[in-house]
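To keep things clear, I will list the structure first and then write my remarks on it.
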Amino acid sequence: MQEEIKAKRRAAIEKAAYKLLRERGYGGTSMLAIAKEAKASNETLYRWYADKNALFKTMVESNAKATKAALDAAVVDRADPLTALEAVAPILLSMLLGEKAISLNRAAAADDGGELGATIAAAGRDSVVPLIEKLIERGLETGAMAAPSASLAAEWFISLLIGDLQIRRVIGTLPVPSDGDVSARATAATNAFRKLCCT
């Protein structure tokens, strides 16, 4: 019961942080303002998150959780790399084009200090891409795939999947995609990746 209450409080804090991030940007969002918006004590925020950077790092990790879990499971279970990438593609794309990721990236683009951008990279891309590389490396080792390197093939996969969609979302020229749009894009990207890397 206590854990359930804590989880609800954390959700309220993150919701308040996203709201203020959209309204004030990263630089203009303070721990005190988040605490007030979430109707929580400033002491609670600092006890749970240590500082603002740690709070936003937790938010990025939370947003990427489903993608990372799917990749972690595929790596541990030694799943077929291409099948695993096909399964994770729509999850990854939905996350990257969703409101939370877009709010974070818009704020990062306006943050002259680069702190939020570094946090997003560390907790997002830098924790997800190595897992994609591990899957591809397995495909290269078994001969099921061919590419100059796992890291380059991972870049191809991400480029085919995302292209310029996230930046178009960030600058407001692309609406939130429907589930059908995400599914179609993910299927097209993984089919193209198969043609590029399958032996």
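The values are calculated or read from the model by the stated rules, or taken from the named source; none is laboratory data. What you see is a predicted model, and the numbers here were worked out from it, not measured in a lab. Don't worry about glycine lacking a Cβ; one is built from the backbone with ideal geometry, like all the others, and counts go over all protein chains shown. Side chains included, ligands, DNA and RNA excluded: accessible areas come from the protein's heavy atoms. Shrake-Rupley method; radii C 1.70, N 1.55, O 1.52, S 1.80 Å.
Inspect the range 5-27 for any residue being over 22 Å from Ala184 (Cα atoms), assigned by the TED database to the domain that holds Arg168 and at pLDDT 90 or above and give the result as yes or no.
Checked the range 5-27: no residue is over 22 Å from Ala184 (Cα atoms), assigned by the TED database to the domain that holds Arg168 and at pLDDT 90 or above.
Quick check, is Ile171 more than 14 Å from the chain's Cα centre (by Cα), open to solvent by 60 Å² or more (accessible area, probe 1.4 Å), of a type in the set (A, V, I, L, M, F, W, C) and not assigned by the TED database to the domain that holds Glu23?
In short, yes.
So Ala147 clears everything in (1) crowded, with 17+ Cβ neighbours inside 10 Å; (2) in a helix (DSSP H, G or I); (3) free of Cβ contacts under 8 Å to residues at least 60 places away in the same chain except one condition, right? Which one?
(2)
Just a yes or no: is a residue in the range 28-47 touching a residue at least 24 places away in the same chain (Cβ under 8 Å), open to solvent by 60 Å² or more (accessible area, probe 1.4 Å) and under 28 Å from Val129 (Cβ atoms)?
No: the range 28-47 contains no residue that is touching a residue at least 24 places away in the same chain (Cβ under 8 Å), open to solvent by 60 Å² or more (accessible area, probe 1.4 Å) and under 28 Å from Val129 (Cβ atoms).
Being among the β-branched types (Val, Ile, Thr) and at pLDDT below 95 is the filter here; which residues of the range 172-199 pass it? Please lay out each step first, then the result.
Quick first cut of the range 172-199, residues among the β-branched types (Val, Ile, Thr) only: 173, 176, 182, 187, 190, 199.
Listed by number, the residues that qualify are Val176, Thr199.
Can you tell me which residues in the range 71-98 are small (Gly, Ala, Ser) and more than 15 Å from Leu161 (Cα to Cα)?
Ala73, Ala74, Ala79
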